[in-house]
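Here is the structure we will look at, set down as structure tokens.
The values are calculated or read from the model by the stated rules, or taken from the named source; none is laboratory data. No experiment lies behind these values; they were computed from the predicted model shown. Cβ placement follows ideal geometry from the backbone for every residue including glycine, while neighbour counts extend to all protein chains displayed. Side chains included, ligands, DNA and RNA excluded: accessible areas come from the protein's heavy atoms. Shrake-Rupley method; radii C 1.70, N 1.55, O 1.52, S 1.80 Å.
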Amino acid sequence: MTPEDVVGRLRSGMTIGIGGWGARRKPMALVRALLRSEISDLTVISYGGPDVGLLAAAGRIRRLVAPFVTLDSIPLEPHYRAARERGAFELTELDEAMFMWGLHAAANRLPFLPVRAGLGSDVMRVNPGLRTVTSPYEDGEEFVAVPALRMDAALVHLNRADRLGNGRYLGPDPYFDDLFCEAADTAYVSCEQVVESFGPDTVPQTLLVSRHSVTGVVETPNGAHFTSCVPDHDRDEPFQKLYATTPWPEFAERFLSGKSEDDYQAAVQAWHKEQRK
């Protein structure tokens with residue numbers, strides 16, 4: 001598929017999960033394609049990074065479910081922060097472990113899973129809709145009943161994928177992308193490179209995403225930019241700093257006003273060329 005093919009299957013009002021972690025291995029080419037559409041009123045589920053920042057700045061989010069929104073080397077995503085401070089969308093902020101078990105519950109088609117995380121913290125105060133459950137066994141322990149994080153569609157980015165929908169990561173961390181795909185009704189994998197197949201020398205543990213949970217595959221070299229996708233490429237720190245310090249209208253006009261991902265990549269290359277002069 002192309003990024004436009006993927007976006008053509010999405011609709012306003014959907015619940016969209018976005019894989020990766022902070023400013024690491026985000027499906028940014030798919031997010032940028034989403035920005036080129038008219039789709040809005042989204043519920044976004046994400047270990048948030050610039051994916052959330054872009055969608056928040058563009059006014060596409062109705063509700064966000066996240067444990068954090070960060071650029072890693074810049075602790076708090078500035079465009080997310082600005083949108084949140086002006087009350088642009090609803091926020092459900094969960095503990096990282098609660099978020100993970102919400103993905104597990106959705107992947108296993110359970111309504112919730114009990115966890116200890118969150119008890120005794122302000123997570124319960126700022127999320128009054130959360131409920132607790134008591135163990136039916138002799139221990140009688142109380143747990144938080146974390147609701148399943150079900151999605152209409154998931155967007156993830158991996159290092160390699162084949163045409164059948166199997167996806168492989170080559171970096172140090174899977175970032176729960178497999179759970180995002182399994183927790184969604186449809187899932188779209190963008191990747192640095194589509195390969196014909198994964199041979200017998202492939203380390204099984206690196207085959208993170210299985211074809212049974214994937215709807216479509218998109219080959220998008222450098223498609224995670226400006227986030228990292230090691231070992232294919234590191235985070236583009238100079239460009240990330242530009243993104244974080246440039247007023248949104250100015251940034252969007254220069255880098256996001258084109259008609260395709262190729263236009264974005266060309267604009268980024270032109271900017272880097274300017275910096276070398």
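Odds and ends about this structure:
- Accessible area expressed per residue, the chain, with surrounding protein chains retained (probe 1.4 Å, Å²): 46 Å²
- Here the Karplus relation 6.51 cos²θ - 1.76 cosθ + 1.60, evaluated at θ = phi - 60°, turns the backbone of segment 245-252 into coupling constants of 10, 9, x, 3, x, 5, 5, 4 Hz, with x for every Gly and Pro.
- Simple spin-label estimate for residue 164 and residue 4 in nanometres, 7 Å along Cα-Cβ: 3.1 nm
- Three-way shape label, the chain, alpha-carbon gyration tensor, a/c 1.5: oblate
- Free of any GluC sites (Glu not before Pro) that DSSP assigns to a loop and that have at most 12 other C-beta atoms within 10 Å, the longest stretch within the chain is 39-137.
- The slack between residue 81 and residue 145, meaning 0.36 nm per residue of separation minus the straight C-alpha distance, is 20.2 nm.
- The 3J(HN,Hα) values that the Karplus relation (6.51, -1.76, 1.60; θ = phi - 60°) gives for segment 186-202 are, in residue order, 9, 9, 10, 10, 8, 8, 5, 7, 8, 10, 5, 6, 9, x, x, 8, 6 Hz. Gly and Pro appear as x.
- About its Cα centre, the chain has a charge dipole of approximately 620 debye under the convention of +1 per Lys or Arg Cβ and -1 per Asp or Glu Cβ, with nothing else charged.
- 5 angstrom amide H check on residue 154, placed H, neighbours 5+ away: 17, 186, 187, 188
- Mean ellipticity per residue at 222 nm, deg cm²/dmol - from DSSP H runs of n ≥ 4 across the chain, formula -39500 (n - 2.57): -8500 deg cm²/dmol
- Fully extended contour minus Cα-Cα distance, from residue 72 to residue 41, at 0.36 nm per residue: 8.5 nm
- Label zone at residue 132, where the point sits 7 Å out along the Cα-to-Cβ direction: segment 46-88 residues whose backbone N lies under 14 Å: none
- Of the residues 166, 184, 120, the one whose Cα sits farthest toward the positive end of the charge dipole of segment 110-228, with +1 on the Cβ of Lys and Arg and -1 on the Cβ of Asp and Glu, is 184.
- Relative contact order of the chain, defined on C-alpha pairs under 8 angstrom at six or more residues apart (%): 19 percent
- Model label sites at residue 271 and residue 119, defined 7 Å from Cα along the beta-carbon direction, differ in position by 4.7 nm.
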